[in-house]
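See below for the structure under consideration.
The values are calculated or read from the model by the stated rules, or taken from the named source; none is laboratory data. Since the model is a prediction, treat every value here as computed from it, not as a measurement. Virtual Cβ from ideal backbone geometry, glycine too; neighbours counted across all protein chains shown. Quick note on the areas: whole protein, heavy atoms, side chains included, nothing else; ligands and nucleic acids left out. Shrake-Rupley method; radii C 1.70, N 1.55, O 1.52, S 1.80 Å.
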Amino acid sequence: QVQFVESGGGLVQPGGSLRLSCAASGSIFSIYIVGWYRQAPGKQRELVATITSGGRTDYADSAKGRFTISRENTKNTVYLQMYSLKPDDTAVYYCNVPGRPDWGQGTLVTVSS
């Protein structure tokens, strides 16, 4: 089963940008849909964005217009480009296949001045 390792998080000021990467341990070519999720302190994990193998994307309302999900099958990697970051975007970000119970370590994004 493919495992995911997230990276690219860090501390950024409000209005800044970050690009998160999700590296898979194997081929993601045949994986129909991959999602980015996040979990803020004291809150439940929520879906941020998804992308299908055909490149169709979908976003949570909080991410529309600011985040872009993409995938590079040749590198077995899924990305989340985030712009205009807000303090409310502070969370641990994870990638996964929807419905899978196992989660990686995630990558922490902190938006603060």
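When you go through 71, 45, 38 one by one, which is the residue that is touching a residue at least 40 places away in the same chain (Cβ under 8 Å), open to solvent by 80 Å² or more (accessible area, probe 1.4 Å) and under 14 Å from the mean Cα position of the chain (by Cα)? So the residue among 71, 45, 38 that is touching a residue at least 40 places away in the same chain (Cβ under 8 Å), open to solvent by 80 Å² or more (accessible area, probe 1.4 Å) and under 14 Å from the mean Cα position of the chain (by Cα) is 45.
Note on region 77-108: residues that are under 16 Å from residue 51 (Cα atoms) and open to solvent by 40 Å² or more (accessible area, probe 1.4 Å) amount to 3.
If the condition is being open to solvent by 30 Å² or more (accessible area, probe 1.4 Å), at pLDDT below 95 and more than 14 Å from residue 94 (Cα to Cα), then region 3-29 contributes 25, 27, 29. Scan region 8-34 for residues that are more than 14 Å from the chain's Cα centre (by Cα) and under 14 Å from residue 83 (Cα atoms) and the total you get is 6.
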